[in-house]
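Each reported figure results from applying straightforward, stated rules to the coordinates on display, with no laboratory input. Quick caveat, the model's predicted, so the values are computed rather than measured. Because the Cβ atoms are built from the backbone with ideal geometry, glycine has one as well, and the counts that use them run over all protein chains shown.
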Amino acid sequence: MIITVTLNPAVDKTVEINDVHINRVNRVSSVRLDAGGKGINVSKIILSLGGKSRAIGFLGGKAGAFIKEYLDEMGIANEFVFIEGESRTNLKIVDPLQQTNTDINESGPEITEADIKQIDNYLSQSVSEKSVMIFSGSVPPNMENDIYQKWIYGAKKKGARTLLDADGELLRLGIEAGPYLIKPNIHELERLLDRKIVSVEEAVEHSRTLMEKYGIEIVVVSLGEKGALFLNKEVALLAEGITVAVKSTVGAGDSMVAALAYAIDEGYAFEKAATLAVAAGTANVMTCGTEPSSLKVIEKLEKEVKWKYL
């Protein structure tokens, strides 16, 4: 079973505005609402791929009720702790004329120790040696940054494979627990290392160092339109980016994580997992907001993915 953990879910409100200008009235040409948050986005793509997952996290207020109903209607199993505050709403402004995507994200509600204990119970009851667990995204403002580290340690003790997709202190502390897979983008990797990475070779070198130091099995570094790096203990490969019409870049990394988790759960070969991840990430940028891409589009793009061993 694939388990996605989203501690700071959101209603993603995506608006299209042709030719956005500051300090003037802008007219919205279209609006869509989606249940969002990195782990929830992962669950949506796993469903598109034909897989099943259980979404776990915190929800609150009317926004939380919307997210719960959205997932129920999609048929995504979920088990959320309902809290006193209001789940956040994130505004995504897409300007097709200027080809820009602007995110305005709320910080989210605070949570209590009792809320955290409930999530602890959910996780301990759900995890087993057959679990693939995904810890991704931000956490509520009053939550400790070592929370993913603690849960990764706990999941590993039960034999689960853990995937970490986070930034800043959440990533830095999380990798100390030795997750099975990490997926930083190149900028997150630079922040983790506190240095500029100027070449693919340098990114490979630093990724290998992280793997050896922390016992990480797989490192995936997304490079935006340039593609992605995939490393395990045996090989490193570079997958090229695919040129497509971009509607929204929100959730592209989440789609890659979803494909990787699905591939791990299904026992795919490393090269097939990399190909599927690039195709899923590319398909995502072709959709509006955080709308999940279709399996048909992902399968078509899989045939276009080119990669090479390094």
Cβ-Cβ cut-off under 15 Å around L231, Lys and Arg +1, Asp and Glu -1: the net charge is -2
Filtering trypsin sites (Lys or Arg not before Pro) in the range 75-163 by DSSP loop and by at most 15 other Cβ atoms within 10 Å leaves K130, K158
Asserting the computed 222 nm helical MRE of the chain (DSSP H runs at least 4 long, -39500 (n - 2.57) per run, divided by residue count, to nearest 500) equals -12000 deg cm²/dmol
The extension gain from K233 to S29, computed as 0.36 nm times the residue separation minus the Cα-Cα distance, is 68.6 nm
The FRET efficiency for E144 and A114, from their Cβ-Cβ distance with R0 = 22 Å and rounded to 0.05, is 0.90
For K62, the aspartates and glutamates lying under 12 Å Cα to Cα, once residues fewer than eight places off in the same chain are dropped, come out as E84, E86
Under the 7 Å Cα-to-Cβ spin-label approximation, N121 and K306 lie apart by a distance in nanometres of 5.5
Once I22 and E190 are pulled to full extension, the length gained, defined as 0.36 nm per residue separation minus their Cα-Cα distance, is 57.4 nm
Answer in debye to the nearest 20: the dipole magnitude of the chain about its Cα centre, from +1 Lys/Arg and -1 Asp/Glu charges placed on Cβ, is 500
Put in order of increasing Cβ neighbours within 10 Å, starting from the fewest, H187, H206 give H187, H206
Burial-style ranking of 207-220, 132-145, average other-beta-carbon count within 10 Å with highest first, yields 132-145, 207-220
Checked against a 20 Å limit on the C-alpha separation, the offending pairs among K226/K303; K92/K247; K38/K213; K150/K272; K130/K157 are K38/K213; K150/K272
Excluding residues fewer than 8 positions from K306 in its own chain, the aspartates and glutamates with Cα under 20 Å of it are E201, E225, E234, E240, E271
Restricting to Cα pairs under 8 Å and 6 or more apart, the percent relative contact order of the range 2-309 works out to 17
For Q98, placing the label point 7 angstrom along Cα-to-beta-carbon and taking the range 7-35, residues whose amide nitrogen sits under 17 Å are 15-30
